[in-house]
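K.L.:
So that we are looking at the same thing, I have put the structure below in structure tokens.
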Amino acid sequence: MITLSNRQARQFLLLRHGLLGGYRFAGKQGALDFVRKAGCIQFDPVDVCGRNAELTLQSRVKGFTKNTLYELLYVDRKLVDYPDKNLSIIPTEDWPYFERYRQAAIAGGRRFEGLAEMADQAKAYIREHGPVSSDDLPITGGIRWHSSIHWSGDWSGTTKAARSVLEHLYSTGELVIHHKNGSRKFYDLAERHIPPEILYAPDPLPDEFQHKKWRILRRIGAVGLLWDRPSDAWLNIWGLNARERTEAFRQLAREGKILGIRVEGLKDVLYCRSEDMPVIETVLQNEKFKPRCELIAPLDCMMWDRKLIRALFGFDYTWEIYTPADKRKYGHYVLPLLYGENFAGRVEAAADKKTCTLILKNIWYEDNVKQTKKLADAIWKCINRFAEFNECTTVKSECVLMKD
């Protein structure tokens, strides 16, 4: 068992994510390396100042642009849109591990009369005409779905047949997202884009518990540090209960795949992947790390367990996008602001694409943060990088970076 101070645990987590000191990840290869290390990054279609997956990568990858992720997904096909922790982006080579969910979607689809015929019609149309969106697929009518059928989202209701059949074929793995135009998805046959040795590979983990254990290890790697407690980090691991989770932790520790870490001031043991031992050794050397100022995505994988972030950093973050406006404490789309080894506050920014202007709406500093010129300069440099990431040529500030 390794013992770390609270500060050392924070340093470990930030170094593990490439958010402290110099950039560990750079360019397209760096973006791919980080997604492989995390297992998945969460996708959300809302685009106020970049979508969540793009925001996750821009804070870690030097030289990252939105086109970098687009090329990895839809040109190089090294990554693929696929449900993992809700809607996600995963390395293409991990496709076989999710075969059980595709089979569940196939079985669920048999409950709907006429769906098989519509699926065949859709595939034949795509085979002849190429990638298609639901607006272009010539299938009419509607289908009522239930959330037990589609694991790509917890929703139910009636949707138009064209969209429903494309979503179903996406869930079964027969279609993949070929590209996106804004929030509009275009689908194509998976066989055209995923190599056959990956597309048709059998499930490497046919045992249900071994599959859950693999995904728990994957989530520990995504967050960096996790405890054996209920957590949003386990979302969408079907049927996972506390007993299985604890047994998975026990077996992973016995197999030498995870390491237990005691953090001063915390009751629960935290765990990291054993492959991250070199990062722990770096932290234990008491090195000083150059501070960075970064804006963090609201659904960033490091933020998946908000209680853990509160315990380590004393930072209480809630994404208020779905909170009624009159009940919000901060704003509609607010990003955590990281400076050095701590969260300095939160920022609300929006990109005006018509005027190519990044609007800095507000900054809320944490109570214990001393507003200095050094901090203001670091934030301003961060905001200018963020404007460039959003392809904005101008920054308009509606707030004061430093108060007297």
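K.L.:
Kindly evaluate Thr3 against the criterion of being surrounded by fewer than 21 Cβ atoms within 10 Å (Cβ to Cβ) and within 23 Å of Arg310 (Cα to Cα). Talk me through it step by step, then tell me what you get.
P.N.:
Numbers: surrounded by fewer than 21 Cβ atoms within 10 Å (Cβ to Cβ): yes; within 23 Å of Arg310 (Cα to Cα): yes.
Yes; evaluated as a whole, the condition is true for this residue.
K.L.:
When the residues of the stretch 306-361 are filtered to those that are polar (S, T, N, Q) and free of Cβ contacts under 8 Å to residues at least 24 places away in the same chain, which remaining residue is farthest from Glu264 (Cα to Cα)? It would help to see each step written out before you state the result.
P.N.:
From the stretch 306-361, those polar (S, T, N, Q) are 318, 323, 342, 355, 357; that's our starting set.
If we keep only those that are free of Cβ contacts under 8 Å to residues at least 24 places away in the same chain too, we end up with 318, 323.
On the way: Thr318: 25, Thr323: 35 Å.
Applying the filter and picking the extreme gives Thr323.
K.L.:
On to the next question. Out of (1) over 23 Å from Ser231 (Cβ atoms); (2) under 18 Å from the mean Cα position of the chain (by Cα); (3) at pLDDT below 95, what's the single condition that is false for Leu87?
P.N.:
If we test Leu87 against (1) over 23 Å from Ser231 (Cβ atoms); (2) under 18 Å from the mean Cα position of the chain (by Cα); (3) at pLDDT below 95, just (1) comes out false.
K.L.:
Go over the candidates Arg250, Arg229 one by one and state the one that is assigned to a helix (DSSP H, G or I), over 30 Å from Phe389 (Cα atoms) and modelled with pLDDT of 95 or more. Steps first, answer last, please.
P.N.:
Working: Arg229 fails: assigned to a helix (DSSP H, G or I).
Arg250 is the lone residue from the list that is assigned to a helix (DSSP H, G or I), over 30 Å from Phe389 (Cα atoms) and modelled with pLDDT of 95 or more.
K.L.:
Within the stretch 268-324, how many residues turn out to be of a type in the set (Gly, Ala, Ser), under 21 Å from the mean Cα position of the chain (by Cα) and not in a loop (DSSP other than H, G, I, E, B)?
P.N.:
Qualifying residue count, the stretch 268-324: 0.
K.L.:
Does at least one position in the stretch 105-116 carry a residue that is surrounded by fewer than 18 Cβ atoms within 10 Å (Cβ to Cβ) and of a type in the set (Val, Ile, Thr)?
P.N.:
Yes; the residues of the stretch 105-116 include at least one that is surrounded by fewer than 18 Cβ atoms within 10 Å (Cβ to Cβ) and of a type in the set (Val, Ile, Thr).
K.L.:
Of the residues that make up the stretch 315-331, is at least one closer than 23 Å to Val35 by Cβ, in the same structural domain as Asn390 (by TED's automatic domain parsing), of a type in the set (Val, Ile, Thr) and touching a helix residue (DSSP H, G or I) at 6+ places or on another chain (Cβ under 8 Å)?
P.N.:
The answer is no, given that none of the residues of the stretch 315-331 is closer than 23 Å to Val35 by Cβ, in the same structural domain as Asn390 (by TED's automatic domain parsing), of a type in the set (Val, Ile, Thr) and touching a helix residue (DSSP H, G or I) at 6+ places or on another chain (Cβ under 8 Å).
K.L.:
Kindly list, by first and then second residue, each pair from a residue in the stretch 363-385 that is over 20 Å from Gly331 (Cα atoms) and basic (Lys, Arg) to a residue that is modelled with pLDDT of 95 or more and not in a helix (DSSP H, G or I), limited to pairs with Cβ atoms under 7 Å and residues at least 6 apart or on different chains.
P.N.:
Lys381/Cys293
K.L.:
Moving on to the next point. Can you work out which of the residues in the stretch 304-353 that are among the acidic types (Asp, Glu) and at pLDDT 95 or above is farthest from Asp84 (Cα to Cα)?
P.N.:
It comes out as Asp352.
The values are calculated or read from the model by the stated rules, or taken from the named source; none is laboratory data. The structure presented is a predicted model; accordingly, all values stated were derived computationally and were not measured. Positions of Cβ are generated from backbone atoms using ideal geometry, with glycine treated the same way; all protein chains shown enter the neighbour counts.
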